[in-house]
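Below: the structure, in structure tokens.
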Amino acid sequence: MKQLGNLLARYVAIMVASGTHSSRISRSAKRIAEAYGCDLRLNLSLRNLSVMLCEKDDPSHHYYELVAVPPSPISLSNNADLSRLSWQVYDTKMSVDELEERFNAIVQAPRYRHPLVALMASLASFGLCYLFNGGIEAMLLVFVSTFVSFNLKDWLTRKKVNNHLVILLTALVASLIASVGLFLHLPSADVAVATCVLYLVPGVVFISGLIDVLEGFVVIGFSRLVNATLHTISMALGLLIAVSIIHHVM
């Protein structure tokens, strides 16, 4: 039971860190516990969570663990793979050792390399600028500003700078680069400034927080919404500072 309880605590922590909404986490973790004849009780938050695993036939035989949620970027692949793993456990009744092996394989699986992610994020911003009727010059500016600011964001994150300050600085740099079009009087330069920071919008966190609140996980739901709101305010402040600088210079 100790091995299963510890594994479920890590399983839940990774899912919280990956941005999974709480009802899905609860269903998946309890599905695994049920496959081994156990009941599971969860207390979720964004920083720490507690797990209590007990046998259905003998509730006095239980295991309790309090774990910290590891810092981790949003990962839709983790969400899907770990949820799928819970169904595999439920259907096949695999051993706990095999479950741990598969869990470790998912968590430790190689992710996309940073240069590729930066390139794809830049192309996404390039496309967003097009959707907002930006010209080719504005689209290229958005591509460059996203690529540079995305790499800056990664570097600041690795230096363990406060996350909200990271977002503010990233939005500031992206906006200043995109504003070059205003000085050069390029067509739709204002569209470039407006769209260069859209990749920073924490859409997944907002959605997960709203789902949590609607489904009764109020504490963690509001925590997600507050974090997402602070994230958005930081992004807006970065853009505001850049626009103020541009207005002063011009």
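A few remarks follow.
- Lone unmet requirement of (1) out of contact with any Cys (no Cβ under 9 Å at 6 or more places or on another chain); (2) closer than 16 Å to V89 by Cβ; (3) surrounded by fewer than 20 Cβ atoms within 10 Å (Cβ to Cβ) for M1: (1)
- D39 meets the stated requirement of being under 18 Å from Y90 (Cα atoms) and of a type in the set (D, E, K, R).
- Looking across S18, S45, one residue alone is of a type in the set (S, T, Y) and open to solvent by 10 Å² or more (accessible area, probe 1.4 Å). It is S45.
- Qualifying helices (runs of 4 or more DSSP H) (wholly inside the stretch 153-232; at least 2 residues being small (G, A, S)): 163-178, 189-195, 203-214
- Where strands (runs of 3 or more DSSP E) sit wholly within the stretch 7-107, those with at least 1 residues that are free of Cβ contacts under 8 Å to residues at least 40 places away in the same chain, of a type in the set (A, V, I, L, M) and closer than 21 Å to I211 by Cβ occupy 38-43.
- Residue tally, condition over 14 Å from L8 (Cβ atoms), open to solvent by less than 90 Å² (accessible area, probe 1.4 Å) and of a type in the set (D, E, K, R), over the stretch 56-68: 1
- The stretch 69-89, subset modelled with pLDDT of 90 or more and open to solvent by 70 Å² or more (accessible area, probe 1.4 Å), residue nearest to the chain's Cα centre (by Cα): R84
- For the stretch 21-34, filtering for residues that are crowded, with 20+ Cβ neighbours inside 10 Å and either of a type in the set (S, T, Y) or more than 18 Å from the chain's Cα centre (by Cα) (or both) leaves 5.
- Sub-6 Å Cβ pairs linking a first residue in the stretch 131-160 that is within 17 Å of Y199 (Cα to Cα) and polar (S, T, N, Q) to a second residue that is open to solvent by less than 100 Å² (accessible area, probe 1.4 Å) and not in a helix (DSSP H, G or I), at least 6 apart or interchain, are S145/C196, ordered by first then second residue.
The values are calculated or read from the model by the stated rules, or taken from the named source; none is laboratory data. Everything numeric here is computed off the predicted structure, so don't read it as measured data. Reconstructed Cβ throughout: ideal geometry from the backbone, glycine too, with neighbour counts over all protein chains shown. Side chains included, ligands, DNA and RNA excluded: accessible areas come from the protein's heavy atoms. Shrake-Rupley method; radii C 1.70, N 1.55, O 1.52, S 1.80 Å.
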